[in-house]
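Report on the following structure.
The values are calculated or read from the model by the stated rules, or taken from the named source; none is laboratory data. Fair warning: this is a prediction, and the values are worked out from it, not measured in the lab. Cβ atoms come from the backbone with ideal geometry, glycine included; neighbour counts cover every protein chain shown. For the accessible areas, the whole protein counts, side chains as well, though only heavy atoms, and no ligand, DNA or RNA atoms are used. Shrake-Rupley method; radii C 1.70, N 1.55, O 1.52, S 1.80 Å.
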Amino acid sequence: MSEARPDAPHGGRIDVLRAAHRRALWIAVALALATALTVVFSMRHTSVTFDETFMIPSGARGYDVGRFDMTLDHPPVTQYLYGLPVHLDGARAPEEAPGRWGMHNRFTYGTEFLFESGNDPERVVFLARLMAAAMAGLLVLVVFRITAGIAGRAAALVAAFLVAFLPDVLAHGGIAYNDVPLALAFLAALWAIDAAARRPSLPRTAGAAALVGLALGVKFSALALAPAVVLILAMEGWIRRGDRRWWLAVGRGVAVGAVVLYATLVLVYLGDFTLADFRWGITSNIAHASQGHGVPAFLLGEGSLTGFWYFYPVVFFLKTPVALHVLAAIAVIGALAAPRLPNDRLRRWLTSPLRPIVIGALVFLAFLLKANLNIGFRHAMPLLPLVCILVAVGVVRAMRWVPRLRPWIALLLLVHALETLSFYPHFLTFTSAYAPDRDAAGDLFVDSTLDWGQGLLELREWMERRNVDRIYLSYFGSALPEGYGIDYVALRSFFRLSGTAPAFEPRAASPEWVVISATNRIGSYLPGDPFVEFRQHAPAFVLAHHLYVYPVASWDTTASSREP
């Protein structure tokens, strides 16, 4: 850092500020690397999750055949992202069955790709997930950059730290899917939209439209950006209602933005000028969100065919660290206790640099509350960085009003990180300190909030440690357990399991252990609730906080639980 000369105080101050900015930037880079590395080390302990089974192969297949038409209910950007390293590694593809792709045949293709075509499934999944880990690290850096522009370096570092140690960022940053990339694209698009509204110009408008198109190419729930655009323009328009030049610039920008958005989507869909696949995917996803998943939602021990409007608020408190909630309370109290600025209160709020963050959070929350899709907290991923930014800005303001809070804030940030890291490497099963027992999370929620097929490696290691040759297995996932070297007798599962693994000889002795995934244990996806008897007994073990292990001696082996 350069020292300020007495005869040039202004230049010295600039040097000090630049040095401080460089230090903050390096800290943010270190946080991003810590996030990415934590993700990389933890994802080595998780088997392929439910939708990775088709997401990764559909991307690799697309590069082979030149068409990304296997998974049209998801936009193709993440297929490009995760399929590329697998394709470059030379993974072998299975034969394709004729006909249109549907859920059954794409899962069949995916399992054949991963487990029956001579590929190493753990290597294939690891290569694809490296791209996901990079997205998690990039999210931390983007949060830092945007928050620094809104509220300065201190708030930016706090926000980046909070995001870097969010359990679901570390969990889904290690999954080759579209939730973390959407959070990244959604945040970047909000920031660009607001910048274009404040200072409209053709380059800014084109950049914002391109980012909106990219977000829509990642996941269709980026549609929430549409009302956000309307609200941001309406707020800015209220302030500029007498500014004719602004209105003319916005009019030109809207026209240019529409063209750039269309061009971006055409590029994303590889030259499809009709955007037929995009339109079909949008329609399909809106129907899915409004009609639900077709099975009862599950929350706090209760099921509901229509879902719970309060699902995401409740799960937020159970799936994020308690320290974050305390910091949020400090931020709110600090905002309420801060001295009120005289006059033009409405104008100050409408022009606040936090405007896009608040609008984005409220709009996306409204989408979540309206949807009947309560199958996974991951759907709230775009909301989490926005909450962290708001908390960070409020906390830093509170510290400026009450400097004695600083050591307590530092302690809470440390606790935030430690509570999350205590779940390493099983971040997907994180439950906060409000939950009575982390191994009893299956009584609170299931599906991709907790149990997404990720536990087969942990199960394999447990079998090796205890010299268990064979088990009864009810698995909620799309992987082939035998592909991970697990010998089992199949019980009822979401997908029909193949039974005895081909790599093992049948044994006369019956297994001594029953292993049931948390989701199958509560019976949401299985007719007849075949495992109700197990819920009356405590398991002998809980593997990775979501695989329940019972001794066969305590189980009445009725036909209701066996594969038909």
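Of all residues in region 93-130, those that are at pLDDT below 95 and basic (Lys, Arg) total 2.
All but one of (1) closer than 19 Å to TYR82 by Cα; (2) not in a helix (DSSP H, G or I) hold for LEU138; which doesn't? Going through the list (1) closer than 19 Å to TYR82 by Cα; (2) not in a helix (DSSP H, G or I), LEU138 breaks only (2). Between residues in region 261-280 that are in contact (Cβ under 8 Å) with a residue 12 or more places away in the chain and acidic (Asp, Glu) and residues that are assigned to a loop (DSSP other than H, G, I, E, B) and open to solvent by less than 100 Å² (accessible area, probe 1.4 Å), which pairs lie under 9 Å by C-beta distance while being six or more apart or on different chains? Note: pairs meeting the criteria are ASP277/PHE68; ASP277/ASP69; ASP277/LEU72; ASP277/PRO75; ASP277/PRO76; ASP277/TYR269. Figure legend. Inter-residue proximity from region 318-329: first residues within 22 Å of GLY376 (Cβ to Cβ) and open to solvent by less than 20 Å² (accessible area, probe 1.4 Å), second residues of a type in the set (Ser, Thr, Tyr) and part of a helix (DSSP H, G or I), beta-carbon distance below 6 Å, spacing 6+ or different chains. Indicated pairs: PRO321/THR420. Within region 414-440, being among the small types (Gly, Ala, Ser) and within 19 Å of the chain's Cα centre (by Cα) holds for ALA417, SER432. For region 49-79, filtering for residues that are open to solvent by 20 Å² or more (accessible area, probe 1.4 Å), over 25 Å from ALA287 (Cα atoms) and part of a helix (DSSP H, G or I) leaves 3. Could you please find all residues in region 452-464 being surrounded by fewer than 20 Cβ atoms within 10 Å (Cβ to Cβ) and aromatic (Phe, Trp, Tyr)? Once the filter is applied, which keeps residues that are surrounded by fewer than 20 Cβ atoms within 10 Å (Cβ to Cβ) and aromatic (Phe, Trp, Tyr), region 452-464 yields only TRP462.
Given the structure, is ALA188 open to solvent by 10 Å² or more (accessible area, probe 1.4 Å) and touching a Leu at 6+ places or on another chain (Cβ under 8 Å)? Answer is yes for this residue. None of VAL332, VAL326, VAL314 is among the aliphatic types (A, V, I, L, M), at pLDDT 90 or above, touching a strand residue (DSSP E or B) at 6+ places or on another chain (Cβ under 8 Å) and part of a helix (DSSP H, G or I) except VAL314.
Considering only residues in region 391-436 that are touching a residue at least 12 places away in the same chain (Cβ under 8 Å) and among the hydroxyl-bearing types (Ser, Thr, Tyr), the one that is most open to solvent (accessible area, probe 1.4 Å) turns out to be TYR434.
Each residue in region 296-311 was checked for being farther than 11 Å from PHE445 by Cβ, assigned to a loop (DSSP other than H, G, I, E, B) and open to solvent by less than 30 Å² (accessible area, probe 1.4 Å), and 1 of them qualify.
Just one of the listed residues (TYR488, TYR424) is hydroxyl-bearing (Ser, Thr, Tyr) and modelled with pLDDT under 95, namely TYR488. Taking the condition open to solvent by less than 10 Å² (accessible area, probe 1.4 Å) and among the hydrophobic types (A, V, I, L, M, F, W, C), does ALA160 pass? Yes: the conditions hold for ALA160.
Within this structure, VAL218 passes the test of being touching a residue at least 12 places away in the same chain (Cβ under 8 Å) and under 22 Å from the mean Cα position of the chain (by Cα). Quickly run through region 440-451 and pick out the residues that are surrounded by 19 or more Cβ atoms within 10 Å (Cβ to Cβ) and of a type outside the set (A, V, I, L, M). Selection gives GLY442, PHE445, ASP447, SER448, THR449, ASP451. Pick from region 171-185 the residues that are of a type in the set (A, V, I, L, M) and not in a loop (DSSP other than H, G, I, E, B): which of them is surrounded by the fewest Cβ atoms within 10 Å (Cβ to Cβ)? Checked region 171-185; the qualifying residue surrounded by the fewest Cβ atoms within 10 Å (Cβ to Cβ) is LEU184. When the residues of region 241-279 are filtered to those that are part of a helix (DSSP H, G or I) and among the basic types (Lys, Arg), the one that is surrounded by the most Cβ atoms within 10 Å (Cβ to Cβ) is ARG252.
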